[in-house]
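Data block below; observations after.
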Amino acid sequence: MTEKWGWTLKDIIVTCVLAVAFGALYMGWVSVWALANGVFGPIGLDMVYGVWFMASITAAYIIRKPGIAFGAEMLAALAEVLLGTPAGVSVFLGAGIQGIGCELIFAATRWKNYSTPVLMLAGMGASVTSFIYNLVMFGYTKFPLSMLLLMLAIRLISGAVFAGLCGKLIGDGLAATGALASFPLGRERAEKKVEV
């Protein structure tokens, strides 16, 4: 599969490193979700949900190849399991659904556009697919329509801001160190410096 999609060993290593870092973040973020849920009720999850899409968008923004967004999210789920997530292996299903939501947006551009609006849309794509999953699996259908629409709207904003914008900022920060010089993001930044 990696040959077909053009993944190199370097792509795999960087995706794995990012996935482990985000897997640890995801584990810690459960406490933030619990706090938000305690203060804001059901919409608390939607307010912070976008963080769980960051591995997908950050890795895709750096590497820019088919399957990276999905693969990064699945590897982050593996890191969560290895770190002892209380959710167990069910995180793989959620991660797959989130990764598909991101990957579909990048696929719509043929993996050629990684602008800020596209990254934000990728976060929103994961918001939609994860919301559908929650709707089916966790009884969201019991909420009134107005509540569901509010929850979805908040999750869309969370996905756009936390995953899209923060994922871009993380990628840009890593690229600024020079560590990504051999990746598309690093080369793009080098070209911009030459133009200036």
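Values as computed for the structure displayed
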| item | result |
| --- | --- |
| Among the residues listed as GLY186, GLY164, GLY171, the single one being surrounded by 13 or more Cβ atoms within 10 Å (Cβ to Cβ), small (Gly, Ala, Ser), under 24 Å from CYS102 (Cα atoms) and in contact with a Phe, Trp or Tyr (Cβ under 7 Å, 6 or more places away or on another chain) | GLY171 |
| In the stretch 162-196, the residues that are farther than 20 Å from ILE68 by Cα, among the aliphatic types (A, V, I, L, M) and part of a helix (DSSP H, G or I) | ALA176, ALA190, VAL194 |
| Number of the condition not met by VAL48 [criteria: (1) surrounded by fewer than 23 Cβ atoms within 10 Å (Cβ to Cβ); (2) farther than 16 Å from ALA163 by Cα] | (2) |
| Criterion (touching a residue at least 12 places away in the same chain (Cβ under 8 Å) and more than 23 Å from VAL14 (Cα to Cα)) met by exactly one of LEU156, LEU145, LEU82 | LEU156 |
| So GLU73, is it acidic (Asp, Glu) and within 19 Å of TRP111 (Cα to Cα) | yes |
| GLY125, sole failed condition from (1) without any contact (Cβ under 8 Å) to a residue 60 or more places away in the chain; (2) part of a loop (DSSP other than H, G, I, E, B) | (2) |
| Test: residue in the stretch 107-124 that is more than 16 Å from LEU156 (Cα to Cα), buried (at least 21 other Cβ atoms within 10 Å of the Cβ), out of contact with any Pro (no Cβ under 7 Å at 6 or more places or on another chain) and of a type in the set (A, V, I, L, M) | no |
| Matching option when the condition is modelled with pLDDT of 95 or more and over 21 Å from ALA55 (Cα atoms), among SER127, SER158, SER115, SER146 | SER146 |
| Candidates ALA55, ALA69, filtered to the one that is within 27 Å of TYR140 (Cα to Cα), crowded, with 24+ Cβ neighbours inside 10 Å and touching a Ser or Thr at 6+ places or on another chain (Cβ under 7 Å) | ALA69 |
| Single residue of the stretch 87-111 satisfying the filter (free of Cβ contacts under 8 Å to residues at least 24 places away in the same chain and not in a helix (DSSP H, G or I)) that is farthest from GLY50 (Cα to Cα) | ARG110 |
| Counted residues, the stretch 129-160 - those being buried (at least 16 other Cβ atoms within 10 Å of the Cβ) and either under 19 Å from ALA60 (Cβ atoms) or in contact with a Pro (Cβ under 9 Å, 6 or more places away or on another chain) (or both) | 8 |
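The values are calculated or read from the model by the stated rules, or taken from the named source; none is laboratory data. Source: prediction; values computed, not measured. Reconstructed Cβ throughout: ideal geometry from the backbone, glycine too, with neighbour counts over all protein chains shown.
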